[in-house]
1. Can you report the number of residues in the range 12-28 which are part of a helix (DSSP H, G or I) and surrounded by 14 or more Cβ atoms within 10 Å (Cβ to Cβ)?
2. Is it true that some residue in the range 29-50 is surrounded by fewer than 16 Cβ atoms within 10 Å (Cβ to Cβ), without any contact (Cβ under 8 Å) to a residue 24 or more places away in the chain, more than 19 Å from residue 76 (Cα to Cα) and in contact with a helix residue (DSSP H, G or I) (Cβ under 6 Å, 6 or more places away or on another chain)?
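Nothing in this text is a laboratory measurement; each read-out follows from the coordinates by a stated rule. Source: prediction; values computed, not measured. Cβ placement follows ideal geometry from the backbone for every residue including glycine, while neighbour counts extend to all protein chains displayed.
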């Protein structure tokens, strides 16, 4: 996953943030965490169905890692 794709998905997901995340940084942080959680679930499902070294599991892990790193950066800006 390219960084630009991850940022684009986070920005899109941030539009769904609850009202308690009013600032843009807070909404982006919320979105990154939601996407991380989704990818974690995808990774677990792929590991169960296909094994931890399958292409699907590795892709989900890479996306989860990208969201985790971006979440950490966004937390610092929030």
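1. Initially, the range 12-28 is screened for residues part of a helix (DSSP H, G or I), giving 12-16, 24-28.
Cutting the leftovers down to surrounded by 14 or more Cβ atoms within 10 Å (Cβ to Cβ) gives us 13-14, 24-28.
Adding up the residues that qualify gives 7.
2. Yes: the range 29-50 contains one or more residues that are surrounded by fewer than 16 Cβ atoms within 10 Å (Cβ to Cβ), without any contact (Cβ under 8 Å) to a residue 24 or more places away in the chain, more than 19 Å from residue 76 (Cα to Cα) and in contact with a helix residue (DSSP H, G or I) (Cβ under 6 Å, 6 or more places away or on another chain).
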